[in-house]
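I have placed the structure first, in the form of structure tokens, so that the comments after it can refer back to it.
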Amino acid sequence: AGTFIEALQLLPTGASFPGNLTIGALLLTAAATAARAGFKLPVGTAPSSPNAGDFWHAAARLLWYDGTNTFKLAHKTGHGHYYVTTPADTTIAVTGTYVKAAGATATLHLDDWDDDGGTDNRLRYIGAGSVHLCISVQLSFTIDGNLKVIAFRIAKNGDATTTEAIASTVNRKAAQGADVGAVPLFAGFEVVNGDYIEIWLTNETDTSDVRVEHAQLLVLSV
């Protein structure tokens, strides 16, 4: 008796090829329609040791390996921002210790982000996979008292002591309490589903309160 090798299986839903398939000419698929796409690459798991030329669909991304580096060919980008609607004093319990900025906020133009159930001064990532964030903040503030050095940071998951948070630090000295100081902030973070971003601050001079009068935080995931 001979040995049979299944080379091609024809199914009602299409053809199934169990082994490697080499195509020596142009691969032409059907054009996409409202009912279906012309080509499908199922979602899987990234190979641990890809070969040069491999491409795959995993973690909400289409990726390709050139033999040295893995490139993102396509992935969904998310964005969102919030702004201060009602300013409030931020209480500084310990000089130089960072706390989350107080005040009510509202969100705009959210895609893959939310405000974590209505939490003020927070944007939470709700997308798939890990993404890199580009974050920008513009804010203005006032203080209680005179000649105070106020510092601001962008924090992830309530931690203002990480390298990324420290790198975002901006200090501003306010001469008088009536002065309105303006501060820009920029930061970059890697986040996964559930991670969140907030504005934190401290008073480097004493424990006088700080009030963020206006602020807008914008995130763009790339």
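Among the numbered conditions (1) part of a loop (DSSP other than H, G, I, E, B); (2) at pLDDT below 95; (3) among the charged types (D, E, K, R), the only one that LYS72 does not meet is (1).
Going residue by residue through the range 75-97, is there one that turns out to be over 30 Å from HIS214 (Cα atoms), surrounded by 11 or more Cβ atoms within 10 Å (Cβ to Cβ) and touching a Leu at 6+ places or on another chain (Cβ under 9 Å)? Full working, then the answer.
Taking the range 75-97 and keeping what is over 30 Å from HIS214 (Cα atoms), we get 75-76.
If we keep only those that are surrounded by 11 or more Cβ atoms within 10 Å (Cβ to Cβ) too, we end up with 75-76.
From the residues that got through so far, the ones that are touching a Leu at 6+ places or on another chain (Cβ under 9 Å) too are 75.
Taking every residue of the range 75-97 in turn, at least one turns out to be over 30 Å from HIS214 (Cα atoms), surrounded by 11 or more Cβ atoms within 10 Å (Cβ to Cβ) and touching a Leu at 6+ places or on another chain (Cβ under 9 Å).
Screening GLN176 against (1) in contact (Cβ under 8 Å) with a residue 40 or more places away in the chain; (2) in contact with a Leu (Cβ under 9 Å, 6 or more places away or on another chain); (3) in a loop (DSSP other than H, G, I, E, B) leaves a single unmet condition, (1).
The set of residues from the range 122-134 being out of contact with any Phe, Trp or Tyr (no Cβ under 7 Å at 6 or more places or on another chain) and at pLDDT 95 or above comprises just one member, CYS134. Taking the criterion of being touching a Phe, Trp or Tyr at 6+ places or on another chain (Cβ under 9 Å), at pLDDT below 95 and not basic (Lys, Arg), would at least one residue in the range 160-172 satisfy it? No: zero hits.
The values are calculated or read from the model by the stated rules, or taken from the named source; none is laboratory data. Source: prediction; values computed, not measured. Reconstructed Cβ throughout: ideal geometry from the backbone, glycine too, with neighbour counts over all protein chains shown.
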